[in-house]
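To start, the structure itself, in structure tokens.
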Amino acid sequence: MDAILDFLDVIVFVGLFLTGYFAGRWNERRHYASIRRREQELAGVLVFSNRFPPHGTGRVDTRLVTGSAVISDDYFKNVLAGLYSFFGGRVRSYESLIDRARRESVLRMKAEANAAGARMIINVKFQTFAIGGRNQNKIKGVEVLAYGTALGAQARG
Amino acid sequence: MPEYSNPQLPEGVNDSDARPLRSFFAMAAAVAALGASAALVFAFLGGTLARYLPYETEVGLIGPYAEKYPPRDDPVEKYLQGLADRLSARMRLPEGMKIQVHYVDEEVVNAFATLGGHVAMYRGLLEKLPDENALAMVLAHEVGHAQHRHPIASLGRGIAFAAALSLVSAGAGSGAAESILGQSGMLTLLTFSRAQEEEADAAGLAALVAAYGHAGGATETFRVMSSAAQEKGRAEPPKFLSTHPVTRERIERLERLISQGGWKADGGRTPIPQAVRAAIEQSKNEARKPAP
């Protein structure tokens, strides 16, 4: 019993570490599978950064579409990021968080446009927000907000 | 309207951590190696440089603790102090160093030297020693540590070691790691190295010979410790022994020193005075009595 108390810190650390590793990996794999499937499904909704519609577009319905996603890190990624930041170079464990958040937010925005019958979104921009800030002890998360102007069907008359 | 399309973007550009566990172990091993080498360098520097601290600084460090244990009006402690004074007069102590012996009325088979020339002698060990010569060897050995300023060197080593470890573990950003390493850092804080033990043995032996004219009792001390270890079973050796060089090698080393010095290996032994023996017995019985 005493031994457990003596090494409580270590046990908690190993527990968080393993949970982070297995749960985080499983979640990420599932999320990526879902992202790839939906990207195929919504490939028909085109995304542009141009501020104006392509030439030849007549009068169309426009509407603001947004999609936002918050992706959190896990304890394992956090420890690994600490090591990466010690040695420098790419913080590889956090790359996938940003990647997932960006793609997920675009997908949600596309889904909104798709539901409204739009096939094209122009003037797409991103906003990001770091949740948890610079505090070492907090689990970090990243929010990505994608927004743009969906062009609807050609307006009549 | 022209035909537009969005290309399929390549996968994996922003998800490059295909084998995170391998990266983790590689980096953790590198951090551990860095930490270990930094700790060794720090510990070496700490241990080497601490000896150059002025003796007054060392006394100042232990001051607040030493105040709690002033010299007592106890026949055993007075006897031990007198013996230590006689021995230390024959040793070249650093300037201003004053040895103060504390008698600790506990079963532990141990004796130790700490900062500021303080030496502690436990009843458990004192009872097991056959005569004054053997006791003098133990005391002279501990005074030898003080003479060579081992306690401050050991403290410096321990503190520098802990500092190095805390640097590395803070870099890795993990509080848990820091606390594990902190515990092992504390352990080294309290031990003397083997070389230091041998140095103290040599100093103690020389003082013993100078005081009694022969080296009788020098090796017995360690036989007593060894048999005490066997009585208790190998699983629990006395603390004094566990940090000290292996007994047999140590005895052989002392015997070699005695023959090299051309000293008499043995001679007339001085018993521990009857009054002191009685005082030890008395304090032991008092300790056994249940508290009222």
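The values are calculated or read from the model by the stated rules, or taken from the named source; none is laboratory data. This one's a predicted model, so the numbers in the text were calculated from it and none came from an experiment. We place every Cβ from the backbone using ideal geometry, glycine too, and count neighbours over all the protein chains shown.
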Query raised in the report: Could you say which residue among B:Glu106, B:Glu77 is more than 30 Å from A:Val60 (Cβ to Cβ), touching a strand residue (DSSP E or B) at 6+ places or on another chain (Cβ under 6 Å) and in a loop (DSSP other than H, G, I, E, B)?
Result: B:Glu106
**Report entry** So B:Tyr55, is it loosely packed, with under 13 Cβ neighbours inside 10 Å, more than 13 Å from chain A (Cβ to nearest Cβ) and under 30 Å from B:Gln100 (Cα atoms)
**Finding:** no
Query raised in the report: Within segment A:85-94, which residues are surrounded by fewer than 19 Cβ atoms within 10 Å (Cβ to Cβ), assigned to a helix (DSSP H, G or I) and of a type outside the set (Gly, Ala, Ser)?
Result: A:Phe86, A:Phe87
Report task. State all residues of segment B:1-45 that are within 11 Å of chain A (Cβ to nearest Cβ), polar (S, T, N, Q) and either in contact with a Lys or Arg (Cβ under 7 Å, 6 or more places away or on another chain) or over 30 Å from A:Phe52 (Cβ atoms) (or both); if no residue qualifies, say none. Result -> B:Ser16, B:Ser23
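For (1) modelled with pLDDT of 85 or more; (2) surrounded by 23 or more Cβ atoms within 10 Å (Cβ to Cβ); (3) basic (Lys, Arg), each residue gets a yes or a no:
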{"residue": "B:Leu139", "(1), (2), (3)": "yes, yes, no"}
{"residue": "B:Pro151", "(1), (2), (3)": "no, yes, no"}
{"residue": "B:Leu155", "(1), (2), (3)": "no, no, no"}
{"residue": "B:Leu181", "(1), (2), (3)": "no, no, no"}
{"residue": "B:Ser184", "(1), (2), (3)": "no, no, no"}
{"residue": "B:Ser193", "(1), (2), (3)": "no, no, no"}
{"residue": "B:Glu197", "(1), (2), (3)": "no, no, no"}
{"residue": "B:Ala200", "(1), (2), (3)": "yes, yes, no"}
**Report entry** Selection from segment A:89-112 of residues that are touching a strand residue (DSSP E or B) at 6+ places or on another chain (Cβ under 7 Å), within 9 Å of chain B (Cβ to nearest Cβ) and within 14 Å of A:Ser34 (Cβ to Cβ)
**Finding:** A:Arg100
Query - Which listed residue, of B:Asp73, B:Asp105, is touching a residue at least 12 places away in the same chain (Cβ under 8 Å) and over 22 Å from B:Ile251 (Cα atoms) - result: B:Asp105
Requested in this report: Check A:Ala33, A:Ala81 and return the single one that is part of a helix (DSSP H, G or I), more than 8 Å from chain B (Cβ to nearest Cβ), surrounded by 14 or more Cβ atoms within 10 Å (Cβ to Cβ) and hydrophobic (A, V, I, L, M, F, W, C).
Outcome: A:Ala81
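Results for (1) over 20 Å from the mean Cα position of the chain (by Cα); (2) within 30 Å of B:Ala26 (Cα to Cα), shown as yes or no for each residue.
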position	(1), (2)
A:Phe17	yes, yes
A:Leu46	no, no
A:Arg51	yes, no
A:Thr57	yes, no
A:Leu83	yes, yes
A:Ser96	no, yes
A:Ala111	no, no
A:Arg119	yes, no
